[in-house]
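The values are calculated or read from the model by the stated rules, or taken from the named source; none is laboratory data. Worth saying up front: this structure is predicted, and the values here are computed from it rather than measured. Using ideal geometry, Cβ is built from the backbone for each residue, glycine included, and neighbour counts are taken over all protein chains shown. To get the accessible areas, we keep the full protein, side chains included, count just its heavy atoms, and leave off ligands, DNA and RNA. Shrake-Rupley method; radii C 1.70, N 1.55, O 1.52, S 1.80 Å.
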Amino acid sequence: MWTEGHGWFLGDDIDTDQIMPTRYLAHSTAEDLAPFALSGNDTSWAATIKPGDVLIAGKNFGCGSSREHAPLGLKGLGIQCVVAQSFSRIFYRNAVNIGLALLTIPKAIPVQPQGSTAWIDFPNGLLSFDAGVTTYVGVPPAPIVLEILAHGGLMPMVASRA
C-alpha cells in the first residue's frame, strides 16, 4: 500500500551530530527533541518537515555515536520513513527499537526537488516519485521489524506480550 509525503533529500554520511547535535541531548522525549532534529545541517529543517514526510539520504545515514536521541528526534517530527542507500548498524537498531521506519534502497536515488511528492510502500520496500509508475526497489523489512514498528517500538511490543 502506497503512502504519500514530501521527500527531503540529504547526502551521504549524515552523522548523529548532524541529526541531533550534542547541545540538545538534555532533552529526552521525541516531542522535546523534534524542534532540533537535523539542526546540525540546517536549523530550518524541523520547521520545514511535516508529519508524514520522508527523508531520503545516500550512504551511511546515522553514522557516529550510538545515541537514541537522533532517531527519536526524527520520530518526533513525524517522519514516516527514512530511506537511504545504507544505514549505520547502531542507528538502524535504535530506530527500529523506538519505532522509526527505515528503508534501505541500495541503488542511488536521483535527487528530486526538495519537497517533491514521494510515495512509499514500506512493507514491500518500494519508493516512487510518480505514484508508482517508476519505482526504486529496496530491501523489504523483515517480519519482526514490521511487527515492532506496528507496536510503535520494541518496548511497546514486549509490553503487549506480557
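Side notes on the structure shown:
- Among 91, 61, 129, residue whose mean-square fluctuation peaks in a GNM of the chain (springs only between Cα atoms under 10 Å): 129
- Dipole-positive endmost among 137, 52, 66 within the chain (Cβ charges, Cα centre): 66
- The DSSP beta bridges internal to the chain are antiparallel in roughly 50% of cases.
- Cβ-placed point charges (K, R +1; D, E -1), dipole of the stretch 64-160 about Cα centre in debye, nearest 20: 280 debye
- Contour excess over end-to-end distance, with Cα ends at residue 137 and residue 3 and 0.36 nm allotted per residue: 46.7 nm
- Nearest-20 debye value, the chain charge dipole, Cβ charges on Lys, Arg, Asp, Glu: 320 debye
- Normalised by the number of residues in the chain, the average gap of Cα pairs under 8 Å and 6 or more apart makes the relative contact order 24 percent.
- Potential extension, residue 150-residue 116 segment - 0.36 nm per residue separation minus Cα distance: 9.6 nm
- Extension gain, residue 17 to residue 130, is 37.4 nm, computed as 0.36 nm per intervening residue step minus the present C-alpha separation.
- Spin-label model distance (nm) - residue 108 vs residue 162, 7 Å beyond Cα toward Cβ: 4.8 nm
- Taking Cα centre as origin and charging only the Cβ of basic (Lys, Arg, +1) and acidic (Asp, Glu, -1) residues, the dipole magnitude of the stretch 23-114 rounds to 320 debye.
- Remark: accessible surface ordering of 81, 63 (largest first) is 63, 81, probe radius 1.4 Å.
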